[in-house]
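Peer 1: First the structure, which I've put down as structure tokens, then a few questions once you've had a look.
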Amino acid sequence: LNVTEEKFVLDTLAGCIEYKSLLDVVINAFFVRDGRSCLPSERYLYAVICYLATFQLDELGLQHFSRIVKSLDTAKMQKFLRFFFNALYLNTWIKDEWSQLYDSLYVKENWIDPLLRWQPKVQQLIEQLTDKLNNHTTAVKTSTVTQPKEFNLTLPKPRAIPIPLPIPVLEKPPPVPPSTYKPPREKKQLEEIKIKNHQKAQVSCIMFFTALLWFRSGLSYVSAKVIIFFPSSLLLQETVLTGRDVVPFLLQYLEIDNIPIKLNAAAILRDSALYQRKMEQELKRIENLLQGAGDPSEFLEWQKQMRGKDLEEQLAEIECRRLQGKLSHEEAVLAHQNVIQENKKKADLMREEKAELMHQYAEKRLQEQKEMRELVEQVVEGHKNAKQAKIKLQKYKQQIVQEVCEENRELLRQALEEEEEKLRKRYELIQQIRAIESLPSLRQKFVDLTETGGHGLICEMSIVELRERLALLREAQKAAEEEKRDQIIHEKQAKEQLLLDKLDQISLFRAELGRAAALKKEEKKRKSQSGERPMKDERILNLQKKIAEKTMERKKQAGLL
């Protein structure tokens, strides 16, 4: 480019960058409304045309501007100029959007009014582009179309109509058996077994937690009472049982009176030690009785009764705490409803304060906008003076770029020469290495397995001797393993015999303990039938009454809210 063209290109580029926010308003609106089918890569083309029409049209003149427009795509330029030079758009939203970025008076005098003044002449240019498009379209429509002609081919002979094959008659299929639509018997049996196992599991779980409760409280089936709910079809009503009745009642539904238990070695030894310890304690108790000691059964019975009373008191205390917690919950709900009402009042006061603050903010914003307009006017004056300094700076930068380019060319030439020299030396070295590798070499070595390595060590031996010693070590290791295996078998047999003896002793002990437990169970059952149900604690009744009152008050408060 010559100096004039280069200056024009640089000024256009600098202007597009400086007024990018101003141009983006028009380009974005064009892509949304009329330019939906345009490519995003054409955005900068429309930005340049918009800049020239807005800021350089007075300097260029309509003739030079028309040459630039006509050198580009006719359809694209016609569509964009028709959109940009629309008088309605310029007076309404384009003016409003530009006024948000710059002062409205400055926008109207320097940009909107010149565009409206040029609008009739640019409209003639738009009509010329439209006529060019119409003529181009008409020429395309009047072009001649090649008419195809049929080939003179020999007609094929008509084919003979094939004889239709007879339709095969299918045999009547056998009817579907009725068992297809019925569920199998095995499925029904599995469902019954599943329900039964589920019921047993429920009762087993209840028995486990009941026993855990008694064992943790240190009692053994005393007068504490349990309420059991059976959710399945086993027992649909509420059942009240005493501690003495729990185990027989559950065993009746679980049917586990005589279930065989498979014991491992550890369990057999543990049970044997337990029964041995019990037998020693019983012998010691009998010796004490023979020597004149008293029977502690009466004390133990009194101790059980006292522990039962303590347990009843603990259960009553737990129920009181639960009801107190429920009462606290109802009071908290009432307090929460009161807090909601107070918050509503506070929210109304905050809305009034917010409206007052927004009014003050609007007044402050108007004052800031006024100061901003004054500042923009000062900045525009500064831009006019800075344009000449920008041209001088660009010339100085171009001179520096030329000098740097010359230095870079010289450095690049030197680097290429050094790289070529390195490649040449490397190629010669590779040729020498390949020549050395191509020479034949003898690498054959004979090994005698009966000779030693000759390292001068005391424990040095040949490979043959090493193999013989390893064979002797393997034989000795095999003999030691056989001896160890025989020893383990003898120990295992002795242990099995010991376990069998212990198992016989355990079965005898269990039989005796079972008979004693049955007698004790019958005696406890007779005693439990004469007992009476304890009265409910007065504290619990008072708490339940208070909870009902608070619940009614909360519901009334919720209805008011």
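The values are calculated or read from the model by the stated rules, or taken from the named source; none is laboratory data. Source: prediction; values computed, not measured. Cβ sites come from the backbone with ideal geometry, for glycine too, and all protein chains shown count toward neighbours. Ligands, DNA and RNA are excluded from the accessible area calculation, which covers all protein heavy atoms including side chains. Shrake-Rupley method; radii C 1.70, N 1.55, O 1.52, S 1.80 Å.
Peer 1: Please say if the range 3-136 is rounded, prolate or oblate, where rounded means a/c under 1.5 for a ≥ b ≥ c the square roots of the C-alpha gyration tensor eigenvalues, and otherwise the choice is prolate for a/b larger than b/c and oblate otherwise?
Peer 2: rounded
Peer 1: Given R₀ = 22 Å, what would the calculated FRET efficiency be for LYS354 paired with GLN100, taking r from the Cβ atoms and rounding to 0.05?
Peer 2: 0.25
Peer 1: Further question on the same structure: Just report the Cα centroid separation between the range 482-518 and the range 383-421, whole Å.
Peer 2: 103
Peer 1: Cα gyration tensor of the range 26-71, axes a ≥ b ≥ c as square roots of the eigenvalues: rounded (a/c below 1.5), prolate (a/b > b/c) or oblate?
Peer 2: prolate
Peer 1: Roughly how many whole Å is it from the C-alpha centroid of the range 1-64 to that of the range 148-209?
Peer 2: 72
Peer 1: Follow-up. Taking the simple approach of a point 7 Å from Cα along Cα-to-Cβ for both ALA471 and VAL447, what is their distance in nm?
Peer 2: Label at ALA471, label at VAL447, 1.9 nm between them.
Peer 1: What's the ranking of 512-521, 476-485, 543-552, 16-25 by average number of surrounding C-beta atoms within 10 Å, highest first?
Peer 2: 16-25, 543-552, 512-521, 476-485
Peer 1: Using 1/(1 + (r/R0)^6) with R0 = 51 angstrom and r between the beta carbons of ARG159 and VAL32, what's the FRET efficiency to the nearest 0.05?
Peer 2: Efficiency, from the Cβ-Cβ distance: 0.20.
Peer 1: Between LYS364 and ASN197, how high is the FRET efficiency from 1/(1 + (r/R0)^6) when r is the Cβ-Cβ distance and R₀ = 51 Å? Nearest 0.05.
Peer 2: 0.05
Peer 1: Mind ordering 76-84, 154-162 by average Cβ neighbours within 10 Å, highest first?
Peer 2: 76-84, 154-162
Peer 1: Considering only protein heavy atoms, what is the solvent-accessible area of GLU312 at a probe of 1.4 Å, reported in Å² to the nearest 10?
Peer 2: 70
Peer 1: Could you tell me which of the pairs LYS326/LYS545; LYS304/LYS521; LYS20/LYS70; LYS20/LYS95; LYS304/LYS525 are separated by over 18 angstrom between their Cα atoms in the structure shown?
Peer 2: LYS20/LYS70
Peer 1: Please state the charge dipole magnitude for the range 3-136, taken about the Cα centre, from unit charges on C-beta atoms (+1 on K and R, -1 on D and E), reported in debye and rounded to the nearest 20.
Peer 2: So the dipole magnitude of the range 3-136 works out to roughly 480 debye.
Peer 1: Describe numerically, in nm with one decimal, the distance between label points set 7 Å from Cα along Cα→Cβ at ARG117 and at ARG285.
Peer 2: Placing both labels 7 Å beyond Cα along the Cβ direction yields 12.5 nm.
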